[in-house]
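In what follows, a single structure is set out as structure tokens and then discussed.
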Amino acid sequence: MSILKSINPANEQMFAEFKQMSLTEVKQIILESSKTQNQWAELDIQNRIQVISKVKKMILDNKRQYAEIITSEMGKPILESMAEIEKCASLCEYYEDNSEKYLRNKYLKSNAVTSFVSYEPLGVIFGIMPWNFPFWQVFRFVVPAIIAGNSTLVKHAPNVQGSAIAIEKIFHSAGLPKDIFRILMIDIDIIPEIISDKMIKAVSLTGSEFAGSKVAECSGKNLKKTVLELGGADAFIVLEDANLVKCVDSAIKGRMLNNGQSCIAAKRFIVNDNIYEDFLEMLKGSLSSLKVGNPMLDDTQVGPLARLDILDKIQLQVDESIALGANLVCGGKKVGNLGYFYSPTILTDITKDMPVYSQETFGPVFSVFKCSNIQQMLDLANDTDFGLGGSVWSEDQEKALSLAHKIETGAVFINDFMKSDPRLPFGGVKKSGYGRELSEFGIKEFVNVKTIAIF
């Protein structure tokens, strides 16, 4: 039986091991989850919400403890890890306040005496979660799904099993029936067997384009509903009239969040040529002042990348792009001898044949482009297989709004960097996936929208 290992990316030391489950064990869990889900769905929604209220209190009361698990396993600075826990709490509170309203019967006019839509749970939902936001990603999948009356099974990323176990314990300690939320410590090889199980009613995945295509293929063969949140190469468009001070500050926050390992991070910075040099100078100056170091310290701003293979990949993308003619403004190398640290990097003079043009860069790399007009900016923003998010910077709201409507993404933020918010739907188009998480749209992804008519 395979072993899952937790390796601290700051010091490269293994500090925990976890045994993988067999397919037989998983099949039994699926069976129990299905049985318990029927009982869970019969409960009044307020009873389900009460569990989430207890979860919220528990994570806030132990915020530092859970944040340290996150930082130990995947390396984000401790203050960002604590912010992730706080965001999970805000998600709980949002669905506490709004779930009953969202799931209430919706009455519609028809030829019937009475006709309405009822939002009913699907059953057992299988979630495949990534490592980069090990608490947040699980919470945003599990919380709305179980409030809606489903049960959930989660396969978490191999390097964050400590986070996975901690989350499971939180929900069970809060009074959630054990089989309504279970962690599956499994190898990816048995994922098709799980999806094919008749008791699995739908699948949610946050991950790579490759993983998404495999899950979609298997789910499609079995006619299972899927929600896929995949990669991104978000455009950060800076028009000539942008507030540069605020813009550069947000560019750094948006790109450096999670040490640059975020699907919705700003990755391609598309700047008007009249302010290009000023933007570049301000960006370089601000990046040089960031403190790289021990992610457990409160004053650290840049921690290590999560794994060695991620470090190797970002280095390869940068090196190949430079070899093809990209200009290295700063960074571009590993930091120190111990840990998976990578220096904040700026590349310019980027052309289509370079990896940083077309590939998602999962690390602290700023790809900066110079454009002379809005149409050129728009064409560049849309010249990607991805379509997750983006941002537009301008003091002219009408002009920015007109541009936002033309960008092919699931979301556009004007005068702020792209980020998820429990109150707003989240998801992409093109190869960034489909379906929506969060807000009213998220809680209705895994329900049966059932029409009932009385004549």
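Summing Lys, Arg as +1 and Asp, Glu as -1, what charge do residues with Cβ under 14 Å from the Cβ of residue 191 carry, residue 191 excluded? Net of charged neighbours comes to 0.
So which trypsin sites (Lys or Arg not before Pro) in the range 83-173 are both in a DSSP loop and have at most 10 other Cβ atoms within 10 Å of their Cβ? Answer by residue number: 109. For the residue pairs 57/246; 169/333; 35/63; 35/224; 101/253; 169/450, alpha carbon separations beyond 31 Å are given by 57/246; 169/333; 35/63; 101/253; 169/450. The overall shape of the range 234-421, judged from the alpha-carbon gyration tensor, is prolate: a/c is not under 1.5, and a/b is greater than b/c.
The charge dipole of the range 234-421, taken about its Cα centre with unit charges on the Cβ of Lys, Arg, Asp and Glu (plus for the first two, minus for the last two), comes to roughly 560 debye.
Potential lengthening of the chain between residue 396 and residue 97 amounts to 104.1 nm, from the contour at 0.36 nm per residue minus the alpha-carbon distance.
Legend: calculated FRET efficiency, residue 116 to residue 213, from the Cβ-Cβ distance at R0 = 41 Å, rounded to 0.05, equals 0.65.
Centre-to-centre, using Cα atoms only, the range 200-248 and the range 120-198 are separated by 19 Å. Derived scalar couplings between HN and Hα for the range 21-30 equal 7, 7, 4, 4, 4, 5, 4, 5, 4, 4 Hz in order, rounded to whole Hz, by the Karplus curve 6.51 cos²θ - 1.76 cosθ + 1.60 (θ = phi - 60°), x for Gly and Pro.
Computed from the Cβ-Cβ distance with R0 of 56 Å, the FRET efficiency linking residue 222 to residue 273 stands at 0.60. Each label was represented as a point 7 Å from its Cα along the Cα-to-Cβ direction; for residue 337 and residue 243 these points are 4.7 nm apart.
Where both bridge residues fall in the chain, DSSP classifies roughly 40% of the beta bridges as antiparallel. Basic side chains Lys and Arg get +1 at the Cβ, acidic Asp and Glu get -1 at the Cβ, and with that the dipole of the chain about its Cα centre reaches some 1440 debye. Basic side chains Lys and Arg get +1 at the Cβ, acidic Asp and Glu get -1 at the Cβ, and with that the dipole of the range 279-335 about its Cα centre reaches some 60 debye. Along the axis of the charge dipole computed for the chain (Cβ charges of +1 for Lys and Arg, -1 for Asp and Glu, origin at the Cα centre), the listed residues 317, 266, 29 are led at the positive end by 29.
With a simple spin-label model that places each label point 7 Å from the Cα along the Cα-to-Cβ direction, the separation between residue 429 and residue 47 comes to 4.3 nm. For the chain, the 222 nm mean residue ellipticity estimated from helices alone, with every DSSP H stretch of n ≥ 4 adding -39500 (n - 2.57) and the total spread over all residues, rounds to -13000 deg cm²/dmol. What FRET efficiency, computed as 1/(1 + (r/R0)^6) with R0 = 35 Å and r the Cβ-Cβ distance, is obtained for residue 172 and residue 352, rounded to the nearest 0.05? So, using R0 = 35 Å, E works out to roughly 0.10. Across the options 441, 67, 119, the greatest Cα extent toward the positive end of the charge dipole of the chain (unit charges at beta carbon of Lys, Arg, Asp, Glu) belongs to 119.
We did not get these values from a lab; they are worked out from the coordinates using the rules stated. Because the structure is predicted, anything quoted here is derived from the model rather than measured. Note: ideal-geometry Cβ built from the backbone for every residue, glycine included; neighbour counts use all protein chains shown.
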